[in-house]
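The values are calculated or read from the model by the stated rules, or taken from the named source; none is laboratory data. None of these values were measured; they are calculated from a predicted model. Note: ideal-geometry Cβ built from the backbone for every residue, glycine included; neighbour counts use all protein chains shown. With ligands, DNA and RNA removed, areas are computed over all heavy atoms of the protein, side chains included. Shrake-Rupley method; radii C 1.70, N 1.55, O 1.52, S 1.80 Å.
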Amino acid sequence: MQTQEELFAEYQASIVSALEPQACLELGWSDPALFAAMRGQACVVMTAWNPGFARPDLEVNVARNEQMRSILQTMDYEVWPAECSSPDGQFREPAFLVWDMPISVGQSLAAQFEQFAIYAYCAQGERTVVSCLPG
């Protein structure tokens with residue numbers, strides 16, 4: 001079984017991309033660091049897919065992400081489609097880029113979906129993997 005440290009190492013190595021919904025920037029799927037730096041705005045990227053060490057089937061993962069999307073829609077943040085993938089591209093899961101969401105709010109929401117971590121991008125584009133676990 002995978003350890004928590006190994007899972008966090010996977011998060012660190014993950015490729016995260018987002019899609020600007022209006023396609024004004026014509027960049028297609030790009031690193032959220034680029035968007036954050038271009039906008040000078042912080043954001044977080046999160047998913048409800050595959051919580052912690054669990055690997056639910058597709059139907060469950062889709063339903064969980066829809067539930068997270070519904071919550072985000074009520075929170076009045078600008079939300080873009082995002083995706084997290086393994087460096088080799090063999091594994092992908094849909095996610096959400098959320099502009100100007102405080103990291104603590106992102107952690108709390110992700111924790112409700114039993115996620116171990118989220119990605120936080122500062123306005124200069126630097127990415128940090130932030131734990132959602134207590135302590």
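Taking each residue as 0.36 nm, the span from residue 55 to residue 13 lengthens on full extension beyond its C-alpha to C-alpha distance by 13.2 nm. Measuring nothing but protein heavy atoms, the accessible surface of the chain at 1.4 Å probe radius is 53 percent carbon and sulfur. Give the residues of region 41-68 whose amide nitrogen is closer than 14 Å to a point set 7 Å from the Cα of residue 1 in the direction of its Cβ. Within reach of a label on residue 1, which here means backbone N under 14 Å from a point 7 Å along Cα→Cβ, region 41-68 contributes 52-55. Here, the chain is characterised by an Rg to Rh ratio of 0.94, where Rg is the alpha-carbon radius of gyration and Rh the Kirkwood radius. Placing a pseudo-label 7 Å from each Cα along the Cα-to-Cβ vector at residue 67 and residue 27 gives an inter-label distance of 3.2 nm. Using a/c under 1.5 as the rounded threshold, could you call region 55-135 rounded, prolate or oblate? The axes a ≥ b ≥ c are square roots of the C-alpha gyration tensor eigenvalues, and prolate needs a/b larger than b/c, oblate otherwise. Rounded shape, in that the Cα axes give a/c under 1.5. Largest GNM mean-square fluctuation among 115, 22, 41, using the chain with Cα springs under 10 Å: 22. Per-residue accessible area (protein heavy atoms, 1.4 Å probe) orders 116, 8 as 8, 116, starting from the largest. GNM on the chain, alpha-carbon springs under 10 angstrom: the most fluctuating residue among 88, 31, 100 is 88.
Taken per residue, the accessible surface of the chain reaches 54 Å², heavy atoms only and a 1.4 Å probe. Computed from the C-beta positions of residue 37 and residue 103, the FRET efficiency with R₀ = 25 Å rounds to 0.90.
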